[in-house]
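As C-alpha cells, the structure follows; a few thoughts come after it.
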Amino acid sequence: MQIMTILSELIYSPVWPQEFTWLIWVAFFFAFAVSYGMGANDACNDWGTSVGAGTVKLWQAYILCAIFNTLGAVLLGYKVTETIRTGIVDVSVYDVYAQYEPTNHTYVIVPFCQVTNASLETTTFSPPALPVAGEAPIIECARYTSADFMYGQIGTLLGVSVFMIVSSVFKIPVSATHAIVGATLAATLYLRGNMGIKWMEIVGIVISWFLSPIVAGFFSSLFYLVVKFTVLMRRHTFESALLLCPVFMVFTLAVNLFACIFEGSKYLHFDTLNWWQALLISTGIAVTVGLLIHFPLRKWLRNRAIRLYEKDKAKHAENGGIPLRSRDISSNKVVDTSYTIVDGVKKQLPAGEIIPPPGPWYKYITKNVTEDPLASKVFNALQMVSASLLSFSHGANDTANTVGPLVAIWLTYKTGWALTPAETRDDMQYLLFFGAIAMIAGFVTLGHRTMKLIAQEITTEVSAPSGFTVELGTAFTVLFCAKLGIPVSSTHCAVGAVLFVGMTKSTSEGVDWKVFGKIVVVWLLCFPVSALISLIMTYILYNYV
C-alpha cells in the first residue's frame, strides 16, 4: 500500500514525531478508556466470587484490588507488554528508511539503509535517539516506524475500549486480551494486508477460547472435590477445615509465588534466579506461613470463624430467616459441632474422630453436599489470599496488555521506532501505573455489575469453599499456561471455573444455562466487533487526518 502524502518522505526527518504530539493526547485518552473498561470487566473475575461469598465487602475488594493489581502491573507488567506489542504482528513491516539528501538538504525514503564503512562491510542503521527540541543534527540514514502504525494502534485502542465498556454496562464478562487481538489484526490487515501477521499465534489464541474454560473448570472442580472429601463430607467439618487450612494455604502460596518469582521482576532481581531457586524460595515462604497458621494462629483462626458465624447467624435471625447451623452429616441431624454454651460461657467441644460418610466414596462425587456455614468461615482467609494473588497476576498480565498499544505509540513518538526495548526504559513504569489507575477507576464505578453476574447469576450462591477453589483453579490455569507460552484469557478461565464448580456442587441444577449462553454469544462477538470498530477508526485516521 502506498504511503499517503501526509506520510511522505519529508516527514521522516530526525524530528518527525514532533508533528504527532496531538496523537499522543488522543492515545492517552483511549488508553484510559481501555484500562477503565478492563477494570469494569476483567478485574471483576478476581473478586466476584469473594464478594459473592461474603468473604470481603465491596469496599474491601476495591482497596485490595487497587493494591495487588497495581503491584502486579508495575513489577511484572513490562514483560507482558511485549506480547501485545510484538507477538501478534511483526512490527517491522511498518519500517521506513529515511536518508539525508545533501544536495537539497532534505530526507527521502529509500528501500533500505545501507552504507559501506572502512571495512567495506554493509551496516544497517537503527534509529538514533531523537534530538532535543530546537536541534536538528544531520543523520545520514536511519530506520523509523511509519506514522500509520500509530494510527492503527489508535484504532485498536478505540475498538477495545468501546467493546469493553459496553459489555460491562450489560454485565457480560469478556476478554480485553482477545479484543486487543481482534482490533490489532483488523488495523494491520487494512494498513499492510497479510504482511507480518503471525497467524499461528492467532490460531493459538482462538483455540484457547475453547480450551481455557475447560482446563480451568477441570482444575477448579478437582480442587473442589478435594475440599469436599477432606472437609465438607466429614463428621466434624469445622475441625477438619481448621486442620487442613494450613495445607491448602501452603499449596496456594507455593503455586502462585513460584509463578511470580520465576522469571519475575527485574526490580526485585527475581529475573536472575533459576527455577530451583524460585521453587525453594516460594516453597519456603509457603511452608512458613502454613506453620504459623497451624500453630500460633490456629486459635485466632478458630475464634475468627466462630465470630463471623455468630454474626451471620444473628443477621439471618433478624431478617426472619432460618438460623445458621453446623451439621453432622453422618447422622443427618442439624447440630452445632463446634462449641456449646455453659452458664453463658462459650465452651469449645473436642474435635473427636473425623469419620467420612458411610458408603462407597465414588457415590459422593456428584452428590450435592450442603456446605457447613461455620466451616466455610475458615475458608475466608484462604479465599482472601487466593483472590489477592489472582489480582496480582491479573495486573501483571491483563492490565499490562491493555497498555501495550499505548506503549507502542509512546515509543514511536519518543524514539521514532516502535521496537525500542521497553523494559530498558524507566518511563514504562509510568505508563503501567497509568493503566493501573484507570483500571481501578473502572473497577470502582462499574465493576459491581459484572461481579454480581459472576457471583450470583451463572451458578448457585457462591460460598467461601467453592469461591476459593474457583480462584485457585483460575490462577493455576492462567499461570501454568503463561509459563508454557499458551495464550489464555483470565475471563474465560474464571467463567469456566465458576460453571464447572457449580455443576460439581449440584449437577446441572447449579448452573443458569441461559445466562451462560448469553456470555458465550458475546464472547463470539468480541473478536469481530472490536475488529470492526478498529478498522473504521484506522480508515478515518489514515484517509482524512
Open item on the list: Can you give the local net charge around residue 414? Use residues other than it whose beta-carbon is closer than 11 angstrom to its beta-carbon, Lys and Arg +1, Asp and Glu -1.
Closed with: 0
- [ ] Highest first, please rank the peptides 286-299, 24-37 by the mean number of other Cβ atoms sitting within 10 Å of their residues.
- [x] 24-37, 286-299
Open item on the list: Cβ neighbours within 10 Å, averaged per peptide: list 495-502, 538-545 in order, most packed at the top.
Closed with: 495-502, 538-545
Open item on the list: Testing the spin-label approximation: label points 7 Å from Cα along Cα→Cβ at residue 271 and residue 67. State their distance in nm.
Closed with: 2.7
Open item on the list: Just to confirm, what accessible area per residue do you get for segment 18-81 at 1.4 Å probe, in whole Å²?
Closed with: 34
TODO: Can you tell me the order of 104-112, 463-471 when each peptide is scored by its average per-residue count of other Cβ atoms within 10 angstrom, highest first?
DONE: 463-471, 104-112
Open item on the list: Contact order normalised by length for segment 126-272, with contacts defined as Cα pairs under 8 Å and 6 or more residues apart; what percent is it?
Closed with: 12
TODO: Enumerate the amide H contacts of residue 141 below 5 Å, restricted to partners 5 or more residues apart or on another chain; note that Pro and chain-start residues carry no placed amide H.
DONE: 100
Task: Of all accessible heavy-atom area on segment 364-422, the percent that carbon and sulfur account for (1.4 Å) - done: 62
Task: Length released on extending from residue 218 to residue 368, taking residue separation times 0.36 nm less the Cα-Cα span - done: 52.2 nm
Task: Difference of contour (0.36 nm per residue) and Cα-Cα distance, residue 19 to residue 311 - done: 98.8 nm
Open item on the list: Out of the total accessible area of segment 159-280 (probe 1.4 Å, heavy atoms of protein only), what percent is carbon and sulfur?
Closed with: 80
TODO: State which entries of 377/505; 299/377; 171/518; 57/299; 57/505 exceed 22 angstrom in Cα-Cα distance in the structure shown.
DONE: 57/299; 57/505
- [ ] Could you check the simple spin-label distance between residue 247 and residue 203, using points 7 Å along Cα→Cβ, in nm with one decimal?
- [x] 4.4
Task: Cα lying deepest toward the dipole's positive end in segment 177-330, options 225, 183, 258, charges on Cβ - done: 225
Task: Distance-filtered residues of segment 383-427 - backbone nitrogen under 20 Å, label point 7 angstrom along residue 195 Cα→Cβ - done: 409, 412, 416-420
Task: Gain on full stretching of the segment that runs from residue 288 to residue 225 - 0.36 nm per residue minus C-alpha separation - done: 20.1 nm
Open item on the list: Could you tell me the calculated FRET efficiency between residue 106 and residue 545, based on Cβ-Cβ distance and R0 = 30 angstrom, to the nearest 0.05?
Closed with: 0.80
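The values are calculated or read from the model by the stated rules, or taken from the named source; none is laboratory data. What you are looking at is a predicted structure, and each value in this text was computed from that prediction instead of being measured. Neighbour counts are summed over all protein chains in view; Cβ atoms, including those assigned to glycine, are modelled from backbone coordinates with ideal geometry. Only protein heavy atoms, including side chains, enter the accessible area calculation; ligands, DNA and RNA are left aside. Shrake-Rupley method; radii C 1.70, N 1.55, O 1.52, S 1.80 Å.
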